[in-house]
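In what follows, a single structure is set out as structure tokens and then discussed.
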Amino acid sequence: METGSPHDTGTADAQGTPTPDAGAEPAWRALPPGLLTMRRLLLVVWLGLLTLATALVPGLLAGPAWGAFAVVPLALLLWGWVMLERNWRSWRYAERADDLLISRGVLWHEETVVPYGRMQLVEVTSGPVERHFGLASVQLHTAAAATDATIPGLDPAEAERLRDRLTELGEARSAGL
């Protein structure tokens, strides 16, 4: 699900990779739906087990009426189901000529701007659950810890492409400092 494409604006560099124009509106890219699926599955597993335990333990020890306390984690599960989608929809990123933008957040909207010349390390990580769902995360490290940023739940090929591009741009921009 993309809200824009790098091919919409800008020109291409020597390798044919699109480079956005400096004054153009950034081409925002959304996170893939696999991240939402993974997070919802984890929510169902953990809160589902908690709901079951909350229903069975008091129900068996103190009587069936006490099993009604299972409504609390069940309500949290339903609320979390909706909130996960809202959070997933809020994440997006855009590559601009001089920096990378990362936008996220529903109640507290946060937009991070990471200049290519300030990047020190770009990592692609993928834990066992992420690998099962075919996802990877890109983590950006800069000299200032406050500007370290992560883009979660990307397709591994896109994560590697982004890592390679950001590393290339970071080396080119830092050489001019």
Go through (1) open to solvent by less than 30 Å² (accessible area, probe 1.4 Å); (2) part of a loop (DSSP other than H, G, I, E, B) and name the single condition Pro73 misses. (2)
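Might you let me know whether the stretch 115-137 holds any residue that is part of a loop (DSSP other than H, G, I, E, B), modelled with pLDDT under 90 and not β-branched (Val, Ile, Thr)?
Among the residues of the stretch 115-137, not one is part of a loop (DSSP other than H, G, I, E, B), modelled with pLDDT under 90 and not β-branched (Val, Ile, Thr), which makes the answer no.
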Quick one: would you say Leu41 is touching a helix residue (DSSP H, G or I) at 6+ places or on another chain (Cβ under 8 Å) and either of a type in the set (Gly, Ala, Ser) or modelled with pLDDT of 80 or more (or both)? no
Output the qualifying pairs, or none if there are none: Cβ atoms under 6 angstrom, residues six or more apart or on different chains, first residue in the stretch 35-46 and within 16 Å of Ser90 (Cα to Cα) and in a helix (DSSP H, G or I), second residue among the small types (Gly, Ala, Ser) and open to solvent by less than 70 Å² (accessible area, probe 1.4 Å). Leu35/Gly153
So which pairs qualify, if the first residue must be in the stretch 118-146 and touching a residue at least 60 places away in the same chain (Cβ under 8 Å), the second must be assigned to a strand (DSSP E or B) and open to solvent by less than 80 Å² (accessible area, probe 1.4 Å), the Cβ gap must be under 8 Å, and the two must be at least 6 apart or on different chains? Glu130/Ala136; Glu130/Ser137; Glu130/Gly153; Leu135/Pro152; Leu135/Gly153; Leu135/Leu154
Pick from the stretch 89-127 the residues that are closer than 19 Å to Gly34 by Cβ and in contact with a Pro (Cβ under 8 Å, 6 or more places away or on another chain): which of them is surrounded by the most Cβ atoms within 10 Å (Cβ to Cβ)? Trp91
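The values are calculated or read from the model by the stated rules, or taken from the named source; none is laboratory data. Values in this document were obtained by computation on a predicted structure and should not be read as measured data. Neighbour counts are summed over all protein chains in view; Cβ atoms, including those assigned to glycine, are modelled from backbone coordinates with ideal geometry. Surface areas here come from the heavy atoms of the whole protein model, side chains and all, with no ligands, DNA or RNA. Shrake-Rupley method; radii C 1.70, N 1.55, O 1.52, S 1.80 Å.
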